[in-house]
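Some notes on the structure that comes next.
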Amino acid sequence: MNIVVCAKQIQDPEAPPSSFKIDKAANKVAPAPGVNQVISPFDEQAVEAALKIKDTQEATVRVVTMGTDLVSDVVKKPLAMGADELYLIQDEAMEDGDSISNAYALAAAIKKTGEYDLIICGRQAADWDVGQTGVGIAEELGIPCVTVAKKVEVADGKVRVERVVADGYEVVEVPLPAVVTVSNELGEPRYATLKGIMAAAKKQPNVMTAADIGADTSRTGKAGAKSKLLKLYIPVREGKCEMIEAEDPAEAGAMLAQKLREVKVL
Amino acid sequence: MSEIGVMTVSEYVDGALDPISMELLGAARKLADELGQKVATVIIGSGVGDAGKDAIAYGADEAYVADDGKYANYQAEAYATIVEQAAKELAPAIILMGQTSIGRDLAPRVAFKLQTGLSTDCISLKIDTDLKRMVMSRAVYGGNAMADYVSETDPQMATVRIKSQEAMEKDDARTGDVKAIVADADMKIAFIEKVKEEVAGIKLEDAEVVICGGRGIGSEEGFAQLSELAKMLNGAVGATRPPCDNGWIASTQQIGLTGKIVSPTLYIGIALSGASQHIAGFSGAKNIVAINKDPEANIFNVAHYGVAGDYKKILPAFMAKVKELL
């Protein structure tokens, strides 16, 4: 059983909103000093989904990460959690892509890493929140895709998925090979163990360029993108909060109710 | 006859057009009127009855209906094939879908099949007359920033956030053709069953009052207290992601970018910091009240009224006073 997980390195989405800055001239997000790089949380859950399968059956988990300015300790986290191999796709030709060009590049990279039965991605990257890449990889590879999973089980050449919908979940089954994208409902990803961290430190990632994966650079990165970012800006917030202050919390609570009644909100 | 400017994908759920369908038609009508073109909609479902006529009454000029028992539940591959074929035949300049359980799965499939640019979860759509393209605005970085996009290829595709667009008043005098369509798809995904996980009481999406708890609530018992307050105010209880992940409340009650989108008259956020990805889920709320220990918490940047302090001490007095006043 060969499982491939796509994991993206992003700026920590849990960082306080006040630390978020934009480089207006470049129309890009400015690097925020003191804000860590992390694996996108949904992608960590994708690693977790893969490792859960590996807990119950013979499986190899390969992680593919595409990006620039990758931080070794960050991209190695899936290895420390228990993944077997790490592939880093690093090439300027992959920069500033959209879902279409990124899915093309990732699909090419996945093919290059070897046989695959199940490809698991996060439902969306927690930076641009687009949510298309998993579906795109499946379309590129010509295999089925199930999105927004909270449970992923493999048996008899099929993957059984519980996928989250607004009023509950749907259970679907699909033959392998397939792509599954996972959501936070899957549960907290496991911690890296000390043994895992030490093993990860010894492992060398396989670094690949566009040429290595045989990608046509007219289809990768900005060159292959169909969506164009016109403008990036920080929304203006009103910031006019009336704070209710009192001698003690109980009094403040009562005053809040009184206030809401006065302004006819209650 | 003018061309199809905008094609929407309507959603037929539990025996009726889902409200997002009317919101999409409302947005489509505005864009198409500006382009001087028509609006078409695709409806996929089982036993959809007069849904086509209803879509016309809500702003469509033409409705294309795929009505078959096998479409009773969402079938990704079949739906994608139908929409792809309709897109190829009608050649719309723009395709709109909802950022819903169906739309967020379906739209990327169609976009990749058509090899065109899709912007997801848009909250505003405008025609730029100079560029002659649709400018799509969406939240990025969990709501910390906004981004305006155009698609450089046709059709220009967007999924639209629930409750971000206004539906038209229903006008039964409007006329338009309703046509049946069929498509055969290679279906590899087998639907086994749907499990509903509905919480008792008022639906979160429909509630006029939403009481929302965060990580600081700390326990299932804490949420029981919020339920009590919600009951008093005839509202529903929601949560940020951590309480759902910790099992203090059903994950169907998560409000935010990847959860439910609510726009109540009154939102009360308790013991939550106000992460941008959560705020994105209730930005349409008319009155926002926040209770949080940390006076610097981001939630106070969007709230209208706030109390800084321990909710465990504030809430009982607040509830007692509410009881007295109502």
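The numbers here are math on the coordinates, done by the rules we state, and not lab data. Quantities reported herein were computed from a predicted structural model and do not represent experimental measurements. As a convention, Cβ positions derive from the backbone with ideal geometry for all residues, glycine included, and neighbour counts pool all protein chains shown.
The table below gives the values:
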quantity: Exposure proxy ranking, count of Cβ atoms within 10 Å, fewest first, for B:THR129, A:THR217; calculated: B:THR129, A:THR217
quantity: Cα-based Rg and Dmax for segment B:174-326, where Dmax is the largest Cα-Cα distance (Å); calculated: 18.9, 62
quantity: Dimensions (Å) - the protein assembly as shown, Cα atoms, principal axes, largest first; calculated: 70, 69, 51
quantity: Rg and Dmax [Cα atoms of chain B; Å; Rg one decimal, Dmax integer]; calculated: 21.5, 67
quantity: Distance histogram for segment B:126-186 (every C-alpha pair counted, 5 angstrom bins, percent rounded to whole numbers); calculated: 4, 11, 13, 15, 16, 17, 13, 8, 3
quantity: Within straight-line cross-link reach of A:LYS226, lysines at Cα separation under 19 Å, skipping those fewer than 8 residues along the same chain; calculated: A:LYS28, B:LYS88, B:LYS113, B:LYS126, B:LYS132
quantity: Low-density loop positions, GluC sites (Glu not before Pro), segment A:38-81 - DSSP coil, at most 10 other Cβ in 10 Å; calculated: A:GLU58
quantity: Kirkwood-type radius of segment B:40-121, with distances r between different C-alpha atoms, in Å; calculated: 13.2
quantity: Under the Debye formula (equal points on every Cα, no solvent term), log10 I(q)/I(0) of segment A:179-266 at q = 0.11, 0.13, 0.17, 0.24 Å⁻¹; calculated: -0.85, -0.91, -1.03, -1.13
quantity: Likely footprinting exposure, B:PHE191, B:PHE112, B:PHE318, fewest C-beta neighbours within 10 Å first; calculated: B:PHE191, B:PHE112, B:PHE318
quantity: Dimensionless Rg ratio for chain A, taking C-alpha atoms and the 2.2 N^0.38 Å reference; calculated: 1.18
quantity: Tail beyond 17 Å, pair distance distribution of segment B:270-326 (Cα, percent); calculated: 41
quantity: Percent breakdown of C-alpha pair distances by 5 Å bin, ordered from the shortest bin, for segment B:1-68; calculated: 4, 21, 32, 23, 12, 6, 2
quantity: Cα Rg over Rh - segment A:69-186, Kirkwood; calculated: 0.96
quantity: Choice from A:VAL64, A:VAL29, A:VAL152 showing the highest fluctuation, given a GNM over chain A with Cα pairs closer than 10 Å; calculated: A:VAL29
quantity: Residue exposure sequence - B:SER10, A:SER218, B:SER124 - by fewest surrounding Cβ within 10 Å; calculated: A:SER218, B:SER124, B:SER10
quantity: Estimated distance in nm for a label pair at B:GLU296 and B:GLU89, the labels positioned 7 Å out from Cα along Cα-to-Cβ; calculated: 6.1
quantity: For segment B:1-137, convex hull volume per residue from C-alpha positions, Å³; calculated: 99
quantity: Label-point gap, in nm, between B:LYS196 and A:ALA32 - each point 7 angstrom along Cα→Cβ; calculated: 4.1
quantity: Rounded, prolate or oblate (a/c below 1.5 giving rounded, otherwise prolate when a/b exceeds b/c) for segment B:104-161 by Cα gyration tensor; calculated: oblate
quantity: Segment A:136-181: proportion of alpha-carbon pairs further apart than 18 angstrom, %; calculated: 26
